[in-house]
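Note sheet for the following structure.
The values are calculated or read from the model by the stated rules, or taken from the named source; none is laboratory data. In this text the structure is predicted, and so the values were computed from the model without any measurement. For neighbour counting, all protein chains shown are included, and Cβ atoms are generated from backbone atoms with ideal geometry for every residue, glycine included.
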Amino acid sequence: MKALLVFKRNNSFSKEVWSLDLENYFASFDLTSRSANFLPDKEIIDSTMGVDFISRIMENNKFDIIIFSDELIVKETASYFAGKYNFGLIAHSKEFLFKENNIIGIVPGWENIQADVVSTSDPKLIILKSRSIVNLSLNNPCVIYLKEPTKVKLLSNEKIVENPLKSAKIIVGVGRGVERNVLPRVLEFARLIGAEVGCTRPVGDAGLLPPDKVIGDSGVDVSPDVYIALGISGAIQHIESVNANYTIAINSDAHARIFQKSNLSINQRVEEVIDKLLVLVLSRL
Amino acid sequence: MAQTDIVVNVKVVPEKISIDKETCRVKREGNSIFNPLDLVAFEEAVKLKKVSNASISVISMAPLKEKDLLKNLFKYGANRVILLSDKNFAGSDTFATSFVLKEAIIKLVHNFNLIIQGDFSLDGSTGNVGGELAALLNIPFISNVFSIESYSKRIIVKRIFEKIETFAVDLPSLISVRREANKGAVVDLFSLVESLDKEVEVYTSEMLNLPEEKVGLKGSLTEVLNVFQDSPVFEGNLITSNGEKTIFDFLKKVSI
């Protein structure tokens, strides 16, 4: 089977992509990439340009599957491409299986519910997590000449201050199991131990912490030395964005999924542990 | 912006879901709520309405029982609330959903110039509908937006992707918003009074003249083979008392 892997910079995709017997071709939205067979002649700024790029590649090439990374401009292009050409798009897959000549995307949903999803179109489209860069050293890429977009104009590009969670060495994560009245004590504990504070999406949606504190699919990825997860159930969308050297989990639910991932598992009420921890930490100061 | 309609797509999601172990189907439990990011989208529409001569038409594809919940959107400032409800819509994937929304927008909201919705929904989380719907309507699509300003025949939007990107986008267009755009829609006193005599408009597949093969399961281009709930069994060492001491000793050891 022939696969087109579409990315901007993050082309690591999942190990399944590399272990399958697919004939892989790479298309990068970054015109300076050295890891692509296909490159655009100009920067791709929106999904219509992205679709133009993929469409022109497909004029002379037939693919059985097109795999898109979950980088914003790429997954935006994927959904626009699917809509334009009526292709079935399996979105938001954490991994996929190859079974009886079909691609099955494993899509996580709410409350640790997962679904096996297939596309009924040809080619099949799938968006996969892809979080790092692999140097493929592909030479002599084919340059695809694109039309300038007529309805969208990029006016400016400003640097943003990097989210401190991304470089934090120690993070305290707040989940739905932390009651509102306990949050100030949690924040104080984090401050005393020099930790950044992050949270799960439901906590961000409830407005308990600002949106830039959300760790997960709809927030940031983090790689701290220590992650202290308070009242976090361990939903895939959150926990797969945490790449910690050591995880401490506190949850009153003995069956919380987080305990599968934690190095130190405390099955107690968050409030009880935090209050006693505060006493211990303050006594040490 | 001249007199025009802003369309806001609002999804109704369950507060809680689980799996029926016998049928392997998703069971919706508890109350229904508005998808939080769609309320953020709605508030962006309200901000634009205040500075331009625009009206807000909400479109929602949902079961008929959600009509009363949707009626509340008049209090937030909606001029029209349109409920697309039909048993034939059941099982729609994002493509089939986008098709139904596209047909409804074209047939029911003639002067639409801008469509706003949340980046993704709480339950599905695919984020596919924005791009698919924009492609079906052949209009530009920008996602992850936190700021929208209007200027005559185009809008200026800002979004975060590696940097803060500012775009000028021709109308009509579809914008999906991220959480940071605002704190979400709130009830407006003036709209509250005006809402008293407004009703939700309900449209079925037949009323919209939709071909049966283009909606629901038949119109979907993806298929769910199996749904399951991951319930892992923990076999490690759970500490059930004096956890704070164990944590404190660890923090001392790593010099925190």
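Observations, loosely collected:
- Of all the residues in the range A:231-280, those that are among the hydrophobic types (A, V, I, L, M, F, W, C), more than 27 Å from the chain's Cα centre (by Cα), at the interface with another protein chain (Cβ under 7 Å from one of its Cβ atoms) and not in a loop (DSSP other than H, G, I, E, B) number 4.
- Pairs with Cβ under 8 Å, 6+ apart, first in the range A:1-22 and at pLDDT 90 or above, second among the aromatic types (Phe, Trp, Tyr) and not in a strand (DSSP E or B): A:Lys2/A:Phe63; A:Ala3/A:Phe63; A:Leu4/A:Phe63; A:Leu5/A:Phe13; A:Val6/A:Phe29; A:Phe7/A:Phe13; A:Phe7/A:Phe29; A:Lys8/A:Phe29
- Restricting the range A:77-118 to residues that are touching a strand residue (DSSP E or B) at 6+ places or on another chain (Cβ under 7 Å), touching a residue at least 60 places away in the same chain (Cβ under 8 Å) and not in a helix (DSSP H, G or I) leaves a set whose member that is nearest to B:Leu136 (Cα to Cα) is A:His92.
- The condition of being under 21 Å from A:Asn139 (Cα atoms) and of a type in the set (A, V, I, L, M) holds for only one of A:Ile45, A:Ile57, A:Ile73, A:Ile66, that being A:Ile57.
- Screening B:Lys47 on (1) at pLDDT 70 or above; (2) of a type in the set (Lys, Arg); (3) not in a helix (DSSP H, G or I) shows it passes everything except condition (3).
- Going through (1) more than 7 Å from chain B (Cβ to nearest Cβ); (2) within 23 Å of B:Val224 (Cβ to Cβ) one by one, A:Asn60 falls short only on (2).
- The condition of being in a loop (DSSP other than H, G, I, E, B), hydroxyl-bearing (Ser, Thr, Tyr) and buried (at least 19 other Cβ atoms within 10 Å of the Cβ) holds for only one of A:Ser121, A:Ser137, A:Ser130, that being A:Ser130.
- Residue that is surrounded by the most Cβ atoms within 10 Å (Cβ to Cβ) [pool: residues in the range A:211-230 that are at the interface with another protein chain (Cβ under 8 Å from one of its Cβ atoms) and closer than 23 Å to A:Arg185 by Cα]: A:Ile228
- Count of the range B:136-170 residues which are part of a strand (DSSP E or B) and on the phi > 0 side of the Ramachandran plot: 1
- Residue selected from the range B:238-256 under the condition among the polar types (S, T, N, Q) and either at pLDDT 85 or above or in contact with a Gly (Cβ under 6 Å, 6 or more places away or on another chain) (or both), by the criterion surrounded by the most Cβ atoms within 10 Å (Cβ to Cβ): B:Thr246
- Of the helices (runs of 4 or more DSSP H) contained entirely in the range B:64-135, those carrying at least 2 residues that are surrounded by 21 or more Cβ atoms within 10 Å (Cβ to Cβ) fall at B:73-76, B:94-108.
- Among the residues of the range A:194-208, the one identified as within 11 Å of another protein chain (Cβ to nearest Cβ), surrounded by 18 or more Cβ atoms within 10 Å (Cβ to Cβ) and over 15 Å from B:Gly184 (Cβ atoms) is A:Ala195.
- Residues of the range A:74-104 that are at the interface with chain B (Cβ under 7 Å from one of its Cβ atoms) and surrounded by fewer than 24 Cβ atoms within 10 Å (Cβ to Cβ): A:Lys84, A:Asn86, A:Phe87, A:Gly88, A:Ile104.
- Checked against (1) within 27 Å of A:Ala115 (Cα to Cα); (2) more than 14 Å from every other protein chain (Cβ to nearest Cβ); (3) of a type outside the set (Gly, Ala, Ser), A:Phe26 passes all but a single condition, namely (1).
- Any hit, the range A:167-174, residues being within 18 Å of A:Gly216 (Cβ to Cβ), surrounded by fewer than 16 Cβ atoms within 10 Å (Cβ to Cβ) and either at pLDDT below 95 or out of contact with any Ser or Thr (no Cβ under 8 Å at 6 or more places or on another chain) (or both): yes
- For the range B:107-162, the set of residues classified as hydrophobic (A, V, I, L, M, F, W, C), touching a Lys or Arg at 6+ places or on another chain (Cβ under 9 Å) and more than 10 Å from chain A (Cβ to nearest Cβ) consists of B:Leu108, B:Val109, B:Val145, B:Ile148, listed by residue number.
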